[in-house]
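The values are calculated or read from the model by the stated rules, or taken from the named source; none is laboratory data. The structure displayed is predicted, hence computed values, not measured ones. All Cβ positions, even for glycine, are placed from backbone atoms using ideal geometry, and neighbour counts span all protein chains on display. We work out accessible area using only protein heavy atoms, side chains counted, and drop any ligands, DNA or RNA first. Shrake-Rupley method; radii C 1.70, N 1.55, O 1.52, S 1.80 Å.
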Amino acid sequence: RARRRRCRRLAAEGGSARDGGSMRCQQVSVLYFARSAELAGLRSETLSVPRQITSLQLWEEIVKVHPRLAVIRDQVVFAVRQEYVLLGDQLLVLQPGDEVAIIPPISGG
């Protein structure tokens, strides 16, 4: 229920009645790898987020659920539908069931 309210609040901040429903919430699968899995305490979950959201807003929504992830903000990369996305103003148009992978830097050589 709290996630649904958060989605409605974010949609209200960024959308309007004229947007043709683009701010409707979608259920997406969030996959956590390496350090992000350690910090989140899980490997995957389903979150409800607006259909249209910037990659930075999506990151902020995930950090609200898992505040410990904030420490890797400047190093993290998303993969949405298996395509890399940097945090920023890039607009994502999410579909129900899309996968969002949180990929922190991987050390090694």
*Identify the single condition in (1) assigned to a helix (DSSP H, G or I); (2) more than 12 Å from Ile102 (Cα to Cα); (3) open to solvent by 70 Å² or more (accessible area, probe 1.4 Å) that Arg35 does not satisfy, given that it satisfies every other one.*
(2)
*Residues that are open to solvent by less than 70 Å² (accessible area, probe 1.4 Å) and out of contact with any Pro (no Cβ under 8 Å at 6 or more places or on another chain): which strands (runs of 3 or more DSSP E) entirely in region 45-108 hold 2 or more of them?*
52-54, 77-80, 91-93, 99-103
*asked:* List the residue pairs whose Cβ atoms are under 7 Å apart, where the first residue sits in region 31-54 and is at positive phi, the second is at pLDDT below 95 and open to solvent by 30 Å² or more (accessible area, probe 1.4 Å), and the two are 6 or more positions apart or on different chains.
replied: Ala34/Ile106
*Sort out which residues of region 67-103 are of a type outside the set (A, V, I, L, M), closer than 18 Å to Val28 by Cβ and free of Cβ contacts under 8 Å to residues at least 60 places away in the same chain, and write them in order of number.*
Phe78, Arg81, Gln82, Glu83, Tyr84, Gln90
